[in-house]
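Here is the structure we will look at, set down as structure tokens.
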Amino acid sequence: MKLATLRTGGRDGRLVVVSRDVTRATDAGAVAATLQDALDDWGRAAPRLEALAEQLEIGAVPNERFHEHDALSPLPRAFQWLDGSAYVNHVELVRKARGAEMPASFWTDPLMYQGGSDAFLAPRAPIRATDEGSGIDFEAEIAVIVNDVAMGASREAAAAAIVLVMLVNDVSLRNLIPGELAKGFGFVQSKPASAFSPVAVTPGELGQAWDGGKLHLPLLVDLNGAPFGRADAGVGMIFDFPQLIAHAAKTRDLTAGTIIGSGTVSNRAADGGPARAILEGGAGYSCLVELRTVEAILTGGPRTPYMRFGEIVRIEMKDAGGHSIFGAIEQRVERCAEQQSSASGAGGEAAPFKDPSYV
């Protein structure tokens with residue numbers, strides 16, 4: 001089953017069921033007005049939505065053309081958005097670039113932060129920034145939406161709570177991160193609104209690509225129309241989603257509709273070293289900072305700038321037959337205002353390498 005939220009219907013949009021080929025949709029208002037309404041009563045809503053999905057496939061219910069540009073993020077806002085860093089290779093690379101040892105605990109205890117969830121970007125909405133010098137970066141990730149999870153939940157209970165899977169662009173302003181974290185209190189300004197894929201998909205819809213905790217398919221990232229990343233989301237994920245969910249629920253209950261992110265998808269090269277660019281036969285990268293980190297390791301400094309106004313990132317995943325599963329996140333960077341931020345001065349150009357991340 002595939003679900004989406006269309007712009008019509010108020011701040012939280014209108015819930016629709018989407019066809020498997022992501023071309024048609026039928027209104028789900030008779031079951032639930034919004035996705036959050038459905039999640040709040042998932043035991044009742046899910047079977048009815050599944051039945052609606054089957055009727056849509058055979059043309060037995062009224063339907064409309066599904067346009068991804070009309071979709072909001074499946075949850076336009078959520079009670080909670082927690083993002084992990086499950087691909088420890090990404091963490092290790094960033095630390096290596098600045099000559100820092102990686103604590104052994106990073107391999108056994110997930111990193112996780114709580115992001116803003118009061119308003120997510122639509123999958124085709126622009127990434128707005130006041131200044132290129134803030135270090136505008138994308139982070140292509142996988143995310144899941146969970147049902148209610150009790151505090152102290154086991155791995156098995158956490159796995160059973162996964163009801164939907166999505167893609168996410170977790171936007172970062174890299175040049176603002178070091179100053180914010182130096183205060184010792186976490187992200188606010190350096191982590192603007194994220195965007196999620198047009199469609200959220202039930203795990204059962206993913207077939208053999210979903211093993212209960214990981215999604216084993218390449219995550220397709222294009223930058224300005226050129227292939228940038230093709231990392232396999234099932235490779236190098238040290239902490240799978242049940243582990244991330246159980247970690248988040250260690251000291252608190254998680255409410256239905258909580259979103260858990262995987263962190264930036266990252267693969268090693270076949271020889272165990274840093275990933276290589278696609279043009280060099282590698283899997284590429286799911287964010288600019290990882291490429292910049294590899295450049296720093298190999299050449300002594302980064303060469304690739306962060307995103308500039310007018311540049312476009314596209315994030316998508318396709319099944320074995322080459323069909324889009326979630327629809328695409330496609331976002332252009334746009335200027336928000338003429339004023340300059342406190343991070344101005346770099347103008348988006350590659351600066352001398354310094355720790356650009358939270359690890």
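The values are calculated or read from the model by the stated rules, or taken from the named source; none is laboratory data. Everything quoted here is computed from the prediction, not taken from an experiment. Because the Cβ atoms are built from the backbone with ideal geometry, glycine has one as well, and the counts that use them run over all protein chains shown. Ligands, DNA and RNA are excluded from the accessible area calculation, which covers all protein heavy atoms including side chains. Shrake-Rupley method; radii C 1.70, N 1.55, O 1.52, S 1.80 Å.
A few comments on the model shown:
- Accessible surface calculations at 1.4 Å, restricted to protein heavy atoms, place the chain at 41 Å² per residue.
- All other residues whose Cβ lies under 10 angstrom from that of Asp148 are scored, Lys and Arg at +1 and Asp and Glu at -1, for a net of -2.
- Phi-based couplings in Hz for the stretch 217-230 (Karplus 6.51, -1.76, 1.60; Gly and Pro marked x): 8, x, 9, 8, 10, 10, 10, 6, x, 10, x, 10, x, 9
- From the C-alpha gyration tensor of the chain, square roots of 5λ in Å: 33, 22, 20
- Dipole magnitude for the chain: about 440 debye, using +1 per Lys or Arg Cβ and -1 per Asp or Glu Cβ, origin at the Cα centre.
- Of the solvent-accessible surface of the stretch 143-233, computed with a 1.4 Å probe over protein heavy atoms with every protein chain present, carbon and sulfur atoms account for 56 percent.
- Dipole of the stretch 38-186, positive end: most advanced residue of Tyr113, His90, Pro103 [Cβ charges, Cα centre]: Pro103
- Alpha-carbon centroid distance for the pair the stretch 231-272 / the stretch 112-136, whole angstrom: 21 Å
- Taking each of Lys191/Lys318; Lys191/Lys250; Lys2/Lys191 in turn, the alpha-carbon distance tops 26 angstrom for Lys191/Lys318; Lys2/Lys191.
- Interatomic Cα distance distribution for the stretch 33-187, bins of 10 angstrom, percent: 8, 28, 33, 21, 9, 2, 0
- For the stretch 71-197, averaging the sequence separation of C-alpha pairs within contact (under 8 Å, six or more residues apart) and dividing by the residue count gives a relative contact order of 28 percent.
- In the chain, the calculated helix contribution to ellipticity at 222 nm averages -5000 deg cm²/dmol per residue, counting -39,500 (n - 2.57) for every DSSP H run with n ≥ 4.
- Overall dimensions of the stretch 145-230 as given by Cα atoms, namely Rg and Dmax in Å: 16.9, 45
- Under Karplus coefficients 6.51, -1.76 and 1.60, residue-wise ³J(HN,Hα) of the stretch 173-189 in Hz, glycine/proline x: 9, 4, 6, 8, 5, x, x, 5, 6, 4, 6, x, 10, x, 7, 9, 5
- For the chain, the relative contact order is 23 percent, taking Cα pairs closer than 8 Å that sit 6 or more residues apart in sequence and dividing their mean separation by the residue count.
- Packing, as the average of other Cβ atoms within 10 Å across residues, places the peptides 303-311, 143-151, 102-110, 325-333 in the order 325-333, 143-151, 303-311, 102-110, highest first.
- Karplus-derived 3J(HN,Hα), 6.51/-1.76/1.60, for each residue of the stretch 240-255, Hz, glycine and proline x: 7, 4, x, 5, 5, 5, 4, 4, 5, 8, 4, 10, 7, 6, 10, 7
- Over the stretch 204-300, equivalent-ellipsoid semi-axes from the Cα gyration tensor in Å: 29, 16, 13
- Angle between the chain longest axis and helix 42-57 axis [Cα atoms, degrees, rounded to 10]: 80 degrees
- Cα long-axis angle, helix 88-97 against the chain (0 to 90 degrees, to the nearest 10): 20 degrees
- Residues in the stretch 59-88 that a label on Ala157 would reach, taking backbone N under 20 Å of a point 7 Å out along Cα→Cβ: 80, 82
- Geometric descriptor of the stretch 258-341, per residue, is 184 Å³ (volume of the convex hull of the Cα atoms).
- Over all pairs of different C-alpha atoms in the stretch 1-95, the reciprocal of the mean inverse distance, the Kirkwood hydrodynamic radius, equals 14.6 Å.
- Cα-based helix-to-principal-axis angle, 288-299 vs the chain, degrees rounded to 10: 30 degrees
- Farthest toward positive dipole pole in the chain [+1 Lys/Arg, -1 Asp/Glu at C-beta], among Asn267, Ile297, Gly282: Ile297
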